[in-house]
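The numbers here are math on the coordinates, done by the rules we state, and not lab data. Computed from a predicted model, the values in this text were never measured in an experiment. Methodologically, a virtual Cβ is constructed for each residue, glycine included, from the backbone with ideal geometry; neighbour enumeration extends over all protein chains shown.
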Protein chains: 2
Amino acid sequence: MASIEMIEAARDRLVGRVRRTPLLSSPFLDGLAGRRVLVKPECLQHTGSFKFRGAWSAISHIAPDVRSRGVIAFSSGNHAQGVALAAKLHGIPSVIVMPADAPRIKVENTRAYGAEVVLYDRATEDRDAIGGRISQERGLTLVRPFDDPLVIAGQGTVGLEIVEQAAEEGVDAADVIVPTGGGGFASGIALALEAKAPGLRVRTCEPEGFDDVARSLAAGRIERNSSQTGSICDAIVTPQPGNLTFPILSRLCGPGRVVTDREALRAVALAFQRLKIVVEPGGAVALAAALSRGEALGDTVIAVVSGGNVDSDVFAEALRQNP
Amino acid sequence: MASIEMIEAARDRLVGRVRRTPLLSSPFLDGLAGRRVLVKPECLQHTGSFKFRGAWSAISHIAPDVRSRGVIAFSSGNHAQGVALAAKLHGIPSVIVMPADAPRIKVENTRAYGAEVVLYDRATEDRDAIGGRISQERGLTLVRPFDDPLVIAGQGTVGLEIVEQAAEEGVDAADVIVPTGGGGFASGIALALEAKAPGLRVRTCEPEGFDDVARSLAAGRIERNSSQTGSICDAIVTPQPGNLTFPILSRLCGPGRVVTDREALRAVALAFQRLKIVVEPGGAVALAAALSRGEALGDTVIAVVSGGNVDSDVFAEALRQNP
């Protein structure tokens, strides 16, 4: 069961390994949103997403004699890179099970970090079954993408940084919008804020048509997405919220936010123009919500950017559509 | 005369106003360069470039009764935005004299920060004469782009951050490559490093064909560029090094580096892909030198990125040329 104590322990294991990302802002974005917008750019984290935090938290906690056999993970790309790099820095092998339609840069980078990549068909194959079989065969430890207390704790270290940086900015009340797939990132941040800055409240954000978390929060029970493909926000499309993450989200987060692909691409372009950061569409949904879906938000919004691993043609198209 | 004491005083005036930019890196860039490459991304600074530091340093030092009449500056764009925002935050008017061929985003942003923009023809008109006339007419204080001790001191605050961050990374010897126009940025950083981390040595970097600083350093006297137009690195094309900056550069910097526009655009694309930051071509020359011009560089290079104010079509073209 993830807790603030586990998050603080993860932070201690991550010291000197994780990058403390800054808090960014632009008067132009404040003007567009009609409120103060602070942006936490985890695209600047090692491997280009927050996932390195959870991967390091989990791998650094495995007993050394077990860890030496290696780790396995399944991921659309960002968790893959985080696990691959954390494994490499621990000097152990890693196998990453990835969907065949993941962005090219993510597959290439995962291989470049030293991982063995196993591709599968997102529409017809079950990644959990594939991952479980290989991990049994080789004695690998499975590093889950979100439904693991150690992974949730690692992602929650972003929440501890937000607490400190919001205080430096004089902010003691804000909506903290978090791009949400399986809910590991949002639930980790929510636990950190609950303990350290209860005036800051997490709101999940998802792409339209893949809003399993928003529907689950509304229904009070876990709901599934009907499809796993068709969103440009590939990084945060997951079948359903996790069995560990959903109770945390349900207890601590308000109603979930949903944005369109078009709104996400506009946020990608505005982050380019106004913040000088590279954000992938799925990583931009919280900023999109801050800019385009202001209803029921307070005077200050902290939009978390989850990742920046975007192919250059998608990025150029976002700029072309939003000159 | 700029000095370490003036830089430390500028830092004190900038506390809570300037953003402390992180130090970034990527194993992919280390591999390309064949050495450790650390990147100081001042594109993430307010207004998208380091220029906000020098502008705030100068404007915050003007006597209040004089300052209230306003300030004037001439700039291809980044100094313009830095002065415009620093003036706005001081609650005073600003007039910015800009070349008519400056990137559109820079002109628009300067106006959006509340400045009055006066355009001139870079090939046929003398911006110093235009700036001098308007400042006399309205009683405005001229904020020079580089040849002013207070501006040099403000830019030097980046050097103080580099000193601290290099120490955190265990680096006590490195080449610190700095994109160089008139030399205010490079000379300020060089003064800070001389006083606080003498194992770190500044090297200037310029675009091919506009290498007035490199030629001046080689000749031991100030040399001019034959042209002011024709480089994609608009941010760092200036007629010649300054009368105040050149003696500092000459005393503290090794031979100047020069890169091609093509190398600068490749660095723009690699910063997109590997660091998730948006860099303008002129701001990317130091990273380009680290990646493409390794001769006579040591084991560790710190490449300073000076700015990120690039039009989206130029950025998309850099990505297209470097897939």
Handout entry: Nonlocal amide H pairs with B:I302, under 5 Å, H built at 1.01 Å
Key = B:L38, B:D175, B:V176, B:I177
Practice task
Compute the label zone of A:R251 within segment A:4-29: residues whose backbone N is under 17 Å from the point 7 Å along Cα-to-Cβ.
Solution key: A:4-8
Handout entry: Kirkwood-type radius of segment B:140-201, with distances r between different C-alpha atoms, in Å
Key = 12.0 Å
Practice task
Cross-chain or 8 or more residues apart, Cα under 21 Å: how many lysine pairs in chain A fit that? Count them up, please.
Solution key: 6
Practice task
Please report B:H61, B:H79 as a ranked list, fewest other C-beta atoms within 10 angstrom at the top and most at the bottom.
Solution key: B:H61, B:H79
Exercise for the section: Could you grab the relative contact order for segment B:1-128? Cα pairs under 8 Å, six or more apart, rounded to a whole percent. Expected result: 18 percent
Problem - Relative contact order %, chain B, counting alpha carbon pairs below 8 Å whose residues are six or more apart - result: 21 percent
Exercise for the section: Please work out the Cα center distance from segment B:99-172 to segment A:95-147, rounded to the nearest Å. Expected result: 50 Å
Handout entry: 7 Å along Cα→Cβ, label-point gaps from B:A112 to other copies, nm, shortest first
Key = 3.1
Problem - Label spacing, shortest first and in nm, from A:E137 to its equivalents in the remaining copies (7 angstrom along Cα→Cβ) - result: 7.9
Fill in the blank from the handout: Computed from the beta carbon distance with a Förster radius of 41 Å, FRET efficiency for B:F28 and B:K88 to the nearest 0.05 stands at 0.55
Exercise for the section: For segment B:53-90 and segment B:253-321, write down the distance between their C-alpha centroids in whole Å. Expected result: 28 Å
Fill in the blank from the handout: The chain B residue whose Cβ lies closest to the rotation axis carrying chain B onto chain A, with that distance rounded to whole Å, is B:A316, 2
Practice task
Give the Kirkwood hydrodynamic radius (Å, one decimal) of segment B:253-296, defined as one over the mean of 1/r across all pairs of different Cα atoms.
Solution key: 10.5 Å
Exercise for the section: Quick one: with label points 7 Å out along Cα→Cβ, list the inter-copy distances for B:G298 in nm, shortest first? Expected result: 4.9
Exercise for the section: Using a 10 Å cut-off on Cβ atoms, rank the peptides B:139-149, B:235-245, B:313-323, A:36-46 from the highest mean neighbour count down. Expected result: A:36-46, B:235-245, B:139-149, B:313-323
Completion exercise
1/(1 + (r/R0)^6) with r = Cβ-Cβ of B:R138 and B:R320, R0 = 60 Å, i.e. FRET efficiency to nearest 0.05, evaluates to 0.85
Handout entry: 10 Å Cβ neighbours from other chains, averaged over peptide A:41-49
Key = 3
Handout entry: Burial ordering of B:L287, B:L24, fewest other beta-carbon atoms within 10 Å first
Key = B:L24, B:L287
Problem - Mean projected area in nm² (Cα convex hull; one quarter of hull surface) for segment B:269-319 - result: 3.6 nm²
Exercise for the section: Output the Cα-based Rg and Dmax of chain A in Å, rounding Rg to one decimal and Dmax to a whole number. Expected result: 18.0, 56
Completion exercise
Evaluated at 10 °C and 1.306 mPa s, the Stokes-Einstein D of segment A:204-269 based on the Kirkwood radius over Cα pairs, in µm²/s, stands at 131 µm²/s
Exercise for the section: Pop out the ³J(HN,Hα) list for segment B:122-132 in order, Karplus 6.51 cos²θ - 1.76 cosθ + 1.60 with θ = phi - 60°, rounded to Hz; leave Gly and Pro as x. Expected result: 4, 7, 10, 10, 9, 5, 4, 5, 5, x, x
Problem - Cβ-placed point charges (K, R +1; D, E -1), dipole of chain A about Cα centre in debye, nearest 20 - result: 420 debye
Practice task
Specify the residue with the greatest mean-square fluctuation among B:G256, B:G131, B:G220, computed from a Gaussian network of chain B linking alpha-carbon atoms under 10 Å apart.
Solution key: B:G220
Handout entry: Compactness relative to 2.2 N^0.38 Å, alpha carbon Rg of segment A:185-323
Key = 1.03
Completion exercise
Of the convex hull drawn through the C-alpha atoms of segment A:55-195, the volume per residue in Å³ is 120 Å³
Problem - Counted charge near B:I222, where neighbours are those whose Cβ lies closer than 11 Å (Asp, Glu -1; Lys, Arg +1) - result: +1
Exercise for the section: Report ³J(HN,Hα) in whole Hz for each residue of segment B:69-75, in order, from the Karplus equation J = 6.51 cos²θ - 1.76 cosθ + 1.60 where θ = phi - 60°; Gly and Pro get x. Expected result: 6, x, 10, 9, 8, 10, 6
Problem - Viscosity 0.890 mPa s, temperature 25 °C, Stokes-Einstein D of the protein assembly as shown from Kirkwood C-alpha radius, µm²/s - result: 98 µm²/s
Completion exercise
Note: A:304-311 gets an average of partner chain Cβ contacts (10 Å, Cβ to Cβ) equal to 2
Handout entry: Likely footprinting exposure, B:D211, A:D128, B:D65, A:D234, fewest C-beta neighbours within 10 Å first
Key = B:D65, A:D128, B:D211, A:D234
Fill in the blank from the handout: Per the Cα gyration tensor, segment B:148-240 corresponds to an equivalent ellipsoid with semi-axes, largest first in Å, of 26, 13, 12
Completion exercise
Hydrodynamic radius by Kirkwood for segment A:7-69, inverse mean 1/r across distinct Cα pairs, in Å, is 13.9 Å
Exercise for the section: Show that you can apply the helix-only estimate: for chain A, add -39,500 (n - 2.57) for every DSSP H stretch of four or more residues, divide by all residues, and state [θ] at 222 nm to the nearest 500. Expected result: -13000 deg cm²/dmol
Practice task
Determine which residues of segment B:215-231 fall in the zone a paramagnetic label at B:N243 would reach in this model, i.e. backbone nitrogen under 15 Å from the point 7 Å along Cα→Cβ.
Solution key: B:222-223
Completion exercise
Taking r as the C-beta separation of A:E295 and B:D313 and R0 as 30 Å, the FRET efficiency to the nearest 0.05 is 0.30
